Amino acid sequence: MLKLAVLVSGGGSNLQAIIDQIEQKKLPGVTIEVVISNVAGAYALERAKQHNIPAETVLKKDYVNRELFEEALLDRINHYQPDLIVLAGCLLILPERIVKQYHNRIINIHPSLIPAFCGSGYYGLKVHEAVLARGVKVTGATVHFVDEGTDTGPIILQKAVKVEDGDTAEILQRRVMEQAEWELLPEAVRLIAEKRVVLENNIVRIMN
Ligand code: GAR
């Protein structure tokens with residue numbers, strides 16, 4: 001059994017990729033206990049409701065300070081006792097106390113080949129805009145464990161995607177999702193569920 005809490009901020013296509021694989025019985029023993037958004041009205045919440053998954057929203061503006069917001073978020077996560085937190089398009093920098101409590105039990109999908117085009121300020125479409133501005137010919141996606149830094153945790157899976165002539169950031173974003181993200185994120189969940197992801201000196205080894 002692997003119980004997930006999926007944290008989202010937007011459309012939730014990566015969440016959908018996990019839901020689809022669970023429904024197609026490709027992720028045996030994996031359940032999504034809750035989807036939590038830090039953005040009101042995120043479409044990802046609709047996706048959760050359509051599949052009878054509890055959907056919650058925790059908004060920073062509803063709390064007098066950041067500490068109380070972080071406490072509330074941690075409280076909602078803990079309520080579901082997840083084995084793994086999956087950041088699926090979650091654009092919140094996860095509070096340190098959550099990273100500490102769920103040490104090596106949080107994964108994130110990032111839309112570039114880390115360590116390129118990652119870190120503070122690189123999220124969503126901005127990543128693809130930066131890729132096009134730099135003129136790199138290959139980009140991709142990365143699933144990694146979350147540590148106290150931004151996009152600095154151990155890398156679990158990566159997949160390269162070609163940049164094509166005439167790409168806009170939107171076209172490239174879609175290709176990276178279709179060719180890499182929607183495959184990598186459920187695959188990382190499967191490997192973790194099968195206990196095949198091992199950390200040695202902060203480097204991930206995938207066991208056969
Ligand atoms: C995805 O491309 C994901 O990789 C990116 O946001 C998008 C969310 O799409 N995440 C980041 O940039 C994190 N730094 P989705 O809501 O349709 O899954």
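Within the stretch 136-154, the residues that satisfy the criterion of being touching a Gly at 6+ places or on another chain (Cβ under 6 Å) and within 11 Å of the ligand (Cβ to nearest atom) are 144, 146, 150, 151.
When every residue of the stretch 112-120 is checked against the conditions, at least one turns out to be part of a loop (DSSP other than H, G, I, E, B) and polar (S, T, N, Q). Looking across the stretch 77-97, the residues that are farther than 27 Å from residue 176 by Cβ and out of contact with any Pro (no Cβ under 8 Å at 6 or more places or on another chain) come down to 77, 78, 79, 81, 83, 95, 96, 97. Looking only at residues in the stretch 23-42 that are surrounded by 20 or more Cβ atoms within 10 Å (Cβ to Cβ) and within 16 Å of residue 190 (Cα to Cα), the one that is nearest to the ligand (Cβ to nearest atom) is 32.
The single condition among (1) away from the ligand (no atom under 16 Å from the Cβ); (2) closer than 13 Å to residue 115 by Cβ that residue 164 does not satisfy is (2). Residue-level check: of (1) without any contact (Cβ under 8 Å) to a residue 12 or more places away in the chain; (2) over 17 Å from the mean Cα position of the chain (by Cα), residue 163 misses just (1). If residue 49 passes every condition in (1) buried (at least 19 other Cβ atoms within 10 Å of the Cβ); (2) assigned to a helix (DSSP H, G or I) but one, which one does it miss? Single failed check for residue 49: (1).
Per-residue answers, yes or no, for (1) farther than 24 Å from residue 181 by Cα; (2) in a strand (DSSP E or B):
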| site | (1), (2) |
| --- | --- |
| 5 | no, yes |
| 16 | no, no |
| 21 | no, no |
| 75 | yes, no |
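Here residue 176 meets the list (1) within 20 Å of residue 21 (Cβ to Cβ); (2) exposed (fewer than 15 other Cβ atoms within 10 Å of the Cβ); (3) of a type in the set (A, V, I, L, M); (4) within 11 Å of the ligand (Cβ to nearest atom) almost entirely, failing just condition (2).
The residues of the stretch 98-111 that are within 24 Å of residue 183 (Cβ to Cβ) and in a loop (DSSP other than H, G, I, E, B), listed by number, are 104, 105, 111.
Where a number appears in this text, it was derived from the coordinates with a stated rule and is not lab data. What you are looking at is a predicted structure, and each value in this text was computed from that prediction instead of being measured. Methodologically, a virtual Cβ is constructed for each residue, glycine included, from the backbone with ideal geometry; neighbour enumeration extends over all protein chains shown.
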